[in-house]
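Let me begin by presenting the structure, written as structure tokens, before commenting on it.
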Amino acid sequence: MTEPQTLNIVFALFPGVTHLDFTGPHQILCRLPGAKVTVASLEGGEIEADGLVFARLPRLAEVAACDVLIVPGGFGTTEAMADPAFLDQIRRLASGARYVTSVCTGSLVLGAAGLLKGKRAACHWAWRDQLALFGAIPDPARVVRDGKVFTGGGVTAGIDFALTIAAEIAGDAMAQSIQLAVEYAPAPPFNAGRPETAPAAVLERVRKIYGHGMAERLAAAEKAGALV
């Protein structure tokens, strides 16, 4: 029996990342035949994500190359967009990757790295319009493909995104097998997962929460966009 070829998948983390942005896709993609998944950060060591600590991470510079590059999002996106060393590593790994991808506001990082010019891209709904600052075309779809660039919407869209990548790499049957294995059959108790369907009071509440860092995030995106 022929052994599957190694599929090198890299998640590029930064301080303040949202852990479900990468743990959701990780759970799916690590089950692909031949998958070798590396979770790395600029400095290596430990990264805290919403109270969870991920340890023994290698430095991104130690990763020679990858087939799939995945950049998650999170509140730390603001600082990540302004970190030249982090963006350099994203550009280096993206240059040789078969697929350049992101989840949630990770697409803003791809944009800041100059990887989304003229590309359709998804993002968390609250910050989606900022993609235009990088020459990207904001797309409200849950998963968006434009050439070798795959982007997922906010947080939980990462699972849909990962299944889409799995199907692209290993075929629909394999992706469906993984979906069944993890019993991914979403049936949320509320229809409040998108701003278009959430009750007005709920939408206003969440907008106020996100509004606290909106000006800072927008300023960082504008500054990064001017350099692209």
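The values are calculated or read from the model by the stated rules, or taken from the named source; none is laboratory data. These figures come from a predicted structure and were not determined experimentally. When we count neighbours, we look across all protein chains shown, and the Cβ atoms used for this are built from the backbone with ideal geometry, even at glycine.
Some observations on this one:
- In segment 1-37, the residues that are among the acidic types (Asp, Glu) and under 15 Å from the mean Cα position of the chain (by Cα): 21
- Hits in segment 47-64 (condition: on the phi > 0 side of the Ramachandran plot and either part of a strand (DSSP E or B) or under 18 Å from the mean Cα position of the chain (by Cα) (or both)): 50, 56
- Selection count where residues are outside any helix (DSSP H, G or I), farther than 21 Å from residue 62 by Cα and either without any contact (Cβ under 8 Å) to a residue 12 or more places away in the chain or among the hydrophobic types (A, V, I, L, M, F, W, C) (or both), scope segment 3-45: 1
- Matching option when the condition is buried (at least 17 other Cβ atoms within 10 Å of the Cβ) and farther than 18 Å from residue 35 by Cα, among 152, 118, 147, 158: 152
- Every pair of residues 6+ apart whose Cβ atoms lie under 7 Å, when the first sits in segment 143-169 and is without any contact (Cβ under 8 Å) to a residue 24 or more places away in the chain while the second is small (Gly, Ala, Ser) and surrounded by fewer than 22 Cβ atoms within 10 Å (Cβ to Cβ): 167/175
- Selection over segment 190-217 of residues that are at pLDDT 95 or above, hydrophobic (A, V, I, L, M, F, W, C) and surrounded by 10 or more Cβ atoms within 10 Å (Cβ to Cβ) gives a count of 5.
- Test for residue 96: is it more than 13 Å from the chain's Cα centre (by Cα), free of Cβ contacts under 8 Å to residues at least 60 places away in the same chain and either surrounded by 24 or more Cβ atoms within 10 Å (Cβ to Cβ) or more than 29 Å from residue 211 (Cα to Cα) (or both): yes
- Segment 145-168, residues that are under 14 Å from residue 105 (Cβ atoms) and not in a loop (DSSP other than H, G, I, E, B): 151, 152, 157, 158, 161
- Figure legend. Inter-residue proximity from segment 108-131: first residues at pLDDT 95 or above, second residues surrounded by fewer than 24 Cβ atoms within 10 Å (Cβ to Cβ) and of a type in the set (Lys, Arg), beta-carbon distance below 6 Å, spacing 6+ or different chains. Indicated pairs: 113/91.
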